[in-house]
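Encoded as structure tokens, the structure appears first; notes follow it.
The values are calculated or read from the model by the stated rules, or taken from the named source; none is laboratory data. Note that the coordinates shown come from a computational prediction; the quantities given were computed from them, not determined experimentally. Using ideal geometry, Cβ is built from the backbone for each residue, glycine included, and neighbour counts are taken over all protein chains shown. What goes into the accessible areas is simple: the full protein's heavy atoms, side chains included, and nothing from ligands, DNA or RNA. Shrake-Rupley method; radii C 1.70, N 1.55, O 1.52, S 1.80 Å.
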Amino acid sequence: MYKTYIKALWDSIYSALVGMTITIKHLFYKNVTNQYPNVDARVKSGTAEMPDYARNRLEFLPDACTACNLCEKACPVNCIEIDSFKVVDGDPDQPLMTNGKPRKQWIPTYNIDFSKCCYCGLCANACTFGALKMTDFFEYATYDRKNLYYHLSSMTPKMVDDKRKMLSDNLSKIKAEKALEAKEAS
């Protein structure tokens, strides 16, 4: 009984001594913590080397986006918001995709709320056209959460209204033509 008590006492004292030895040894070493962003100039300038698999801020390439909404559906925290509508045939401003083909959808709203983003990369993996990519840019801290809400669409509100009106007029015209054809057929 005394043997187990003495052994347990010795084990606890030995454990405390090992911990104190490590603490005392590191007490006299120089600090290795980089005081970001003040000390390490490489990190401050944004030239710090990031691993190839690092997942940081997203980059959106609007000319590659088809408004398929796969990124919005893949996002587990719902930080991506997309709105789109069809391009009217014969629209003089019809945008082109990166492959040179005409775009089929206007994208008036493409928003990412980086205050919600968990940088999982699921949206970038879901994007089959390469419109969303994870970058190695990590320095975009801010004091105001509103500054982390990114509006990535290039359409102005006036342009959105004009294009929606053009689409509405075109749909009305198509409905009128179909009604006329149905009337003539009967």
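Given H placed on each backbone N at 1.01 Å, which residues far from Q105 in sequence or on other chains put an amide H within less than 5 Å of it? Amide H neighbours of Q105, under 5 Å, 5+ apart: V87. When each of the peptides 53-64, 102-113, 149-160 is scored by how many other beta carbons lie within 10 Å of its residues on average, the order from highest to lowest is 102-113, 53-64, 149-160. Which of Q105, S172, N147 sits closest to the plus end of the dipole of the chain, meaning its Cα is farthest towards the positive end, when Lys and Arg get +1 and Asp and Glu get -1 on the C-beta? Value computed over the given set: N147.
Placing +1 on the Cβ of every Lys and Arg and -1 on the Cβ of every Asp and Glu, with nothing else charged, gives the chain a dipole about its Cα centre of roughly 620 debye. Mean-square fluctuations from a GNM of the chain, with a 10 angstrom spring cutoff on Cα atoms, peak among A126, A176, A16 at A16. Note: relative contact order over the stretch 39-159, using C-alpha pairs below 8 Å and six or more positions apart, is 35 percent. Compared with the dominant Cα axis of the chain, that is its longest principal axis, helix 157-185 is turned about 50°.
For the residue pairs K73/K158; K104/K158; K86/K178, the C-alpha atoms sit more than 22 angstrom apart in K73/K158. Ligands, DNA and RNA excluded, the heavy atoms of F137 present near 80 Å² of accessible surface to a 1.4 Å solvent probe. Element breakdown for the chain at a 1.4 angstrom probe: carbon and sulfur atoms account for 57% of the accessible area. Note on K183: no aspartates and glutamates have a C-alpha under 13 Å away, same-chain residues under 8 apart excluded.
Of the labelled figures [x] 1.01; [y] 1.84; [z] 1.06, only one reflects Cα Rg over 2.2 N^0.38 Å as derived from the coordinates, namely [y].
For K175, the aspartates and glutamates whose Cα comes closer than 15 Å to its Cα, not counting residues fewer than 8 places off in the same chain, are E184. Residue by residue, the stretch 81-93 carries 3J(HN,Hα) couplings of 10, 10, 10, 8, 8, 5, 8, 6, 4, x, 5, x, 9 Hz when phi is fed to the Karplus relation 6.51 cos²θ - 1.76 cosθ + 1.60 (θ = phi - 60°); x denotes Gly or Pro. Probing with 1.4 Å while keeping every protein chain in the model, the per residue accessible area of the chain equals 76 Å².
Springs between Cα atoms under 10 Å define the GNM used for the chain, and in it the highest mean-square fluctuation of K30, K163, K133 occurs at K30. Residues in the stretch 14-21 carry Karplus couplings, in order, of 4, 4, 5, 5, 5, x, 5, 4 Hz; the curve used is 6.51 cos²θ - 1.76 cosθ + 1.60 with θ = phi - 60°, and Gly or Pro positions show x.
Scalar couplings 3J(HN,Hα) for the stretch 102-110, obtained by applying the Karplus form with A = 6.51, B = -1.76, C = 1.60 to θ = phi - 60°, are x, 6, 9, 10, 8, 10, x, 10, 9 Hz; x denotes Gly and Pro. Applying the criteria of a DSSP loop state and at most 13 other Cβ atoms within 10 Å to the GluC sites (Glu not before Pro) of the stretch 84-186 yields E139.
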